[in-house]
Amino acid sequence: MAEEGKFKVTIDGIPVEVAPGTTILNAARLIGGDIVPPAMCYYSKLEGSGGKCRTCLVKVSKGSEKDPRPMPKLVASCRTTVMDGMEVSNITSDEVLEARKGVVEMLLINHPLDCPVCDQAGECKLQDLSYEHGTEQTRFAFERRTFERVDIGDKIQLHMNRCILCYRCVYVADQLTTKREHGVLSRGDYSEIATFIEAALDNDFIGNVIDVCPVGALTDKTFRFKNRVWFTKPVDAHRDCPTCSGNVTLWYKGDDVLRVTGRKDEYNEVDEFICNTCRFDTKRTQDWILEAPTKVDNESVITANHYLNFNPPPVIKNSSELQAANEEQLARTERLK
Amino acid sequence: MQSLSNRKKVIEQKPMNFWERIYLPAIFKGLRITLRHFFMKIPTVKYPEERRPYSKNFRGQHSLKRDEEGRERCTACGLCALSCPAEAITMTAAERTKDESHLYREEKYASVYEINMLRCIFCGLCEEACPKEAIYLDGPHVTADYLRKDFIYGKDKLVEPKFDIKMLTQEKSI
């Protein structure tokens, strides 16, 4: 036994001490780095999430100090709590990597792979996951299931084709709003996120389903096809909002705010949920107090053309002499035409 | 001092003799060379009337391709602009309406697609990045022009013409 009331776990050979009741995934996040299992459905801010997608499977090679037998099957690390003396292997186990490859293949069976069209491309967790763990070819020989895209309210668009049924948006509606109007209908291969008779979702916090969606199934209609994520520049900003904390990330293209999202951490989870007014209705710079450019992971595509200071010095100095010469030249060519 | 390379030649200047002083042999020698060139094969190619054989992987002007039904392939995904080291490509995306599905392949298309040919270095990275096989650098050389604004090629110059079997003639067009 380590410290009083603390459990000692070893994940990929790295020991860490955590409180009893912590899941393996959260213990791994305490260590950080490459050994953190990827998670598509688990969301630390949503109660009861996790256990749906199976991407966070790990191998428990030693159950605990008292009962050192290994667990017979791979376990979902987001739902399994740690025991004292537990030994877990994630990336050091070939079995886990093989299983994860299979899970990604399963998730991609019905995914349309329309990344060039999808607005989520560039910040999509499924893209990252399949880049890291997926195979190059699908073995699925049948038709993919297809749905028509649905407008949920006037600000949110649902592309059911892209959904991986992680249930995060259902939990958001359950836990953040008083009245849930959408859920998962049907079963098995036919299950889909839907609203009854396409009822519009109009709660103050319902816009958060866009942020929690790990794929491009729920997207912002006000940002639809406006620009690609990696051409916009994220800037942290806040505003005095009566309903939410008002801490957001603004995504700039030039001088225009193209969209507003919550501030996301390294696991793509928002720190604080923001309200619909902040997300959809306040898209001018004067509505916000700007703080600093958002820190973006070096490996992310969003870092392309990303500057660290607000007003980078101009590449070319203004020279009045040169401008006058250019105007003269233009006048001459105009005359000659 | 001894030379390092041992290849130093000492040139000694001597006064010119009689034949050198009258210059005539030197003049005829020069004229003979000039005359010989009259009968040699001319290496100059009069582009664009006449063309040398091009390499298979020659990269010329870009063209935006159409699919087998004549619809534009480009979906404005922005990967060409992202990969472009010279930042020559810009585009604006738009959503396809119901009655435009015979014009554009996907639900999103590029309403504006511009390449600044003064910036372009013809590296072919856009071609490699394209997931939709929509852009190829298979055109001719980009020709010279007088004004800077004429070097910004829009969709009118880039999108390849629609294939029409009736317009097909036996003559080989250049």
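Each value in this text was obtained by applying a stated rule to the coordinates, not by laboratory testing. Because the structure is a prediction, the values reported are computed rather than measured. With ideal geometry, Cβ positions are generated from the backbone for all residues, glycine too; neighbour counts draw on all protein chains shown.
Send over the Kirkwood Rh of the stretch A:87-163, from the inverse of the averaged 1/r over different Cα pairs, rounded to one decimal Å.
This gives a value of 14.4 Å.
Take the residue pairs A:Lys155/A:Lys233; A:Lys233/A:Lys283; A:Lys52/A:Lys101; A:Lys73/A:Lys125; A:Lys226/A:Lys283 and return only those whose Cα atoms are more than 18 Å apart. If you can, show how the numbers build up before the last one.
Numbers: A:Lys155/A:Lys233 22 Å; A:Lys233/A:Lys283 14 Å; A:Lys52/A:Lys101 16 Å; A:Lys73/A:Lys125 26 Å; A:Lys226/A:Lys283 14 Å.
Beyond 18 Å: A:Lys155/A:Lys233; A:Lys73/A:Lys125.
Cut-off 10 angstrom, C-alpha nodes, Gaussian network model of chain A. Which of A:Gly63, A:Gly216, A:Gly254 fluctuates the most?
Top of the fluctuation ranking is A:Gly254.
Tell me which chymotrypsin sites (Phe, Trp or Tyr not before Pro) from the stretch A:196-297 have a DSSP coil assignment and no more than 15 other beta carbons within 10 Å of their own.
Qualifying residues, ordered by number: A:Tyr267.
Per the helix-only calculation at 222 nm, which mean residue ellipticity applies to the protein assembly as shown, given -39500 (n - 2.57) for every DSSP H run of n ≥ 4 and division by its residues, nearest 500 deg cm²/dmol?
So the calculated ellipticity at 222 nm is -5000 deg cm²/dmol.
Could you put A:Lys295, A:Lys337 in order, starting from the residue whose Cβ has the fewest other Cβ atoms within 10 Å?
Taking fewest neighbouring Cβ atoms as first place, the list is A:Lys337, A:Lys295.
Given Cα pairs under 8 Å that are at least 6 residues apart, what percent is the relative contact order of chain B?
Taking the mean separation of contacting Cα pairs over the length of chain B, I get 24 percent.
Taking a ≥ b ≥ c as the square roots of the Cα gyration tensor eigenvalues, with a/c under 1.5 meaning rounded and otherwise prolate when a/b beats b/c, else oblate, which class fits the stretch A:40-183?
Here the stretch A:40-183 falls in the oblate category.
Given the C-alpha centroids of the stretch A:86-105 and the stretch B:59-91, what is the distance between them in whole angstrom?
Cα centroid of the stretch A:86-105 versus Cα centroid of the stretch B:59-91: 39 Å apart.
Within 10 Å, Cβ to Cβ, of B:Leu79, how many net charges do the neighbouring residues add up to if Lys/Arg are +1 and Asp/Glu are -1?
Taking every Cβ under 10 Å from that of B:Leu79, the sum is +1.
Hey, could you pull the Cα Rg and Dmax for chain B, both in Å?
Rg, Dmax (Cα atoms, Å): 28.4, 94.
Along the positive direction of the dipole of chain A (beta-carbon charges: Lys, Arg +1; Asp, Glu -1; about the Cα centre), which of A:Met86, A:Asn161, A:Cys241 reaches farthest?
Of the candidates, A:Asn161 comes out farthest on the positive side.
Rank A:Asn161, A:Asn318, A:Asn90 by mean-square fluctuation in a GNM of chain A with C-alpha springs under 10 angstrom and give only the top-ranked residue.
Most flexible of the set in this elastic network: A:Asn318.
Measuring from the lowest to the highest alpha carbon on each principal axis, how far does the stretch A:126-224 reach, largest first, in angstroms?
Taking the Cα atoms of the stretch A:126-224, the three principal extents are 42, 26, 25 Å.
Using a 10 Å cut-off around each Cβ, can you sort A:Arg187, B:Arg59 from fewest to most neighbouring Cβ atoms?
Fewest-to-most ranking of A:Arg187, B:Arg59: A:Arg187, B:Arg59.
So what's the convex hull volume per residue for the Cα atoms of the protein assembly as shown, in Å³?
Per-residue hull volume (Cα only) is 356 Å³.
Under 24 Å between alpha carbons: how many lysine pairs meet that in the stretch B:45-108, if sequence neighbours fewer than 8 apart on the same chain are excluded?
5
Which three extents, in angstrom, do the Cα atoms of the stretch A:1-100 have along their principal axes, listed largest first?
33, 31, 24
What does DSSP give for the protein assembly as shown in terms of the percent of beta bridges that are antiparallel, rounded to the nearest 5?
Looking only at bridges with both residues in the protein assembly as shown, the antiparallel portion is about 95 percent.
If N is the number of residues in the stretch B:63-161, what value comes out of its Cα radius of gyration divided by 2.2 N^0.38 Å? Present the calculation step by step, with values, prior to reporting the outcome.
Working: Rg = 13.3 Å, N = 99, 2.2 N^0.38 = 12.6 Å.
Normalised Cα radius of gyration, the stretch B:63-161: 1.06.
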